[in-house]
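Below is one structure, written out as structure tokens, with a few remarks after it.
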Amino acid sequence: PAVVVSIPMAHIRGEREFTPSNKLPLLESRTIDILEQNVDTNSPPATSIPRTSSLSAHAWMQSILAQRDILMWCVYWFTANLIITFYNKHVLSSLNVSPLVNTFVHMSCTFVGCAIVQKGVFPKLTRDEFARIVLYAFIFALNIVWCQYAIKLTTLSLNQVCRAMTPLFQATFSYLIANQIHSFYTLLPLLPVCCGVAMTVRSELNLGRIALVIALSSVVVSALKGVLSMKILQQDLKSKLQEYSFLVLVTPLAAMWTLVLECLFWFFYETQSAAEDDSMHMQQEDKEHRVRWDMQLWLLLLLGGVMAFGVNVASIGTVKRTSATSMGVMANSKQAITIFGSMVFAEKDWTVLKLVGVVITLFGASWYSYRKEMERKQKHGMPAQK
């Protein structure tokens, strides 16, 4: 729902200075972690440390400072994603702002922020590579617009539950586009996810067919965007694009594609209005497009654009400092808080069937994250933590 670019984990791998420290209860280790060692507790450490008081004190202080840095980034990521999710719901549903306008503002602010970070330097690409980025930017813009339409037309809880199906479509597109095959061991937890989504959809009392189609199709587009991002950043343009240089190219193109989508949607609405003579339909159209554009609303949209850039910074910074397991745990926790927070404070007509469906979906999503991490550790020859 937020304007967030998914940066694949493998893209940011690199050699880093290794600083041993005590294990954190949440932030598990991975191959490129700078904080932890994946070693057997009964075996000696892989890196020997001189046992002098000065060096031990220095290592301890470095460990504490590094852990504090990670915890600050995790809190930053968690808070920013929660705030912008509820912010988008308020702006799109309560203030009735068009998702196209909201997306354009987010893209523009993200581009300005990334251009400042890049100091106005743009990466150099060939004509074919730039054409590939232009086509990708269309999927990028369509994903954000479609996700925001899903937020506008459905409840936050249903939207978050449907997004739990993203790994299923990502596995499908990974096979079709990148020829990557996922094991049955990894995909099995997605079965309860699908069952939970079906139960949640069935429990929605005021859910229309168009809203349901948009909610599910937004998950498909999001999965496609994630797979294409992985292919571009890990394979095609890995040596030329980094995180901010990638955003500084994609965001202005996505903003222009948003204007194209605005024209297409306007033409569709005009054609539909001319073909239908139902006065109730016309009144509904007028009501949906009646937005009070004043300085306060523009300032609110600008604030949302700044938050969108902040979410991108939080995502990049947190991914660089934590493990895949930590990101999975935080994503599942954020999803759970969003769902239950929406049900408690904004949805008064939820049923027991919906609650059961949500619990089953969250269980399946957590199970999937756990199995995905176990498979990754086995692939890299790392001992699984129990």
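Tabulated data
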item: Order by protection proxy (mean Cβ within 10 Å, highest first), peptides 179-191, 163-175; result: 163-175, 179-191
item: Distance histogram for the stretch 77-119 (every C-alpha pair counted, 10 angstrom bins, percent rounded to whole numbers); result: 25, 42, 29, 4
item: Taking all pairs of distinct alpha-carbon atoms in the stretch 84-232, Kirkwood radius in angstrom; result: 17.2 Å
item: Highest to lowest packing among 208-216, 366-374, scored as the average C-beta count within 10 Å; result: 366-374, 208-216
item: Ranking by accessible area, most exposed first, for HIS106, HIS90 with a 1.4 Å probe; result: HIS90, HIS106
item: Karplus-derived HN-Hα couplings along the stretch 240-251 (A = 6.51, B = -1.76, C = 1.60, θ = phi - 60°), whole Hz, x at Gly and Pro; result: 10, 10, 10, 4, 6, 5, 5, 5, 5, 8, 6, 4
item: Estimated vicinal HN-Hα couplings, Hz - the stretch 261-266 in sequence order (Karplus 6.51, -1.76, 1.60; Gly, Pro = x); result: 5, 4, 5, 5, 5, 4
item: Accessible-area ranking of ARG68, ARG376, ARG321, largest first, probe 1.4 Å; result: ARG68, ARG321, ARG376
item: Karplus (6.51, -1.76, 1.60) ³J(HN,Hα), θ = phi - 60°, over the stretch 108-116, in Hz, Gly and Pro reported as x; result: 5, 5, 5, 5, 4, x, 5, 5, 5
item: Heavy-atom SASA rank of LEU355, LEU142 (probe 1.4 Å, accessible area, largest first); result: LEU355, LEU142
item: Neighbour net charge for ILE133 - beta-carbon separation under 14 angstrom, K R +1, D E -1; result: +4
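The values are calculated or read from the model by the stated rules, or taken from the named source; none is laboratory data. Quick caveat: nothing in here was measured; it's all calculated off a predicted structure. Cβ atoms come from the backbone with ideal geometry, glycine included; neighbour counts cover every protein chain shown. Side chains included, ligands, DNA and RNA excluded: accessible areas come from the protein's heavy atoms. Shrake-Rupley method; radii C 1.70, N 1.55, O 1.52, S 1.80 Å.
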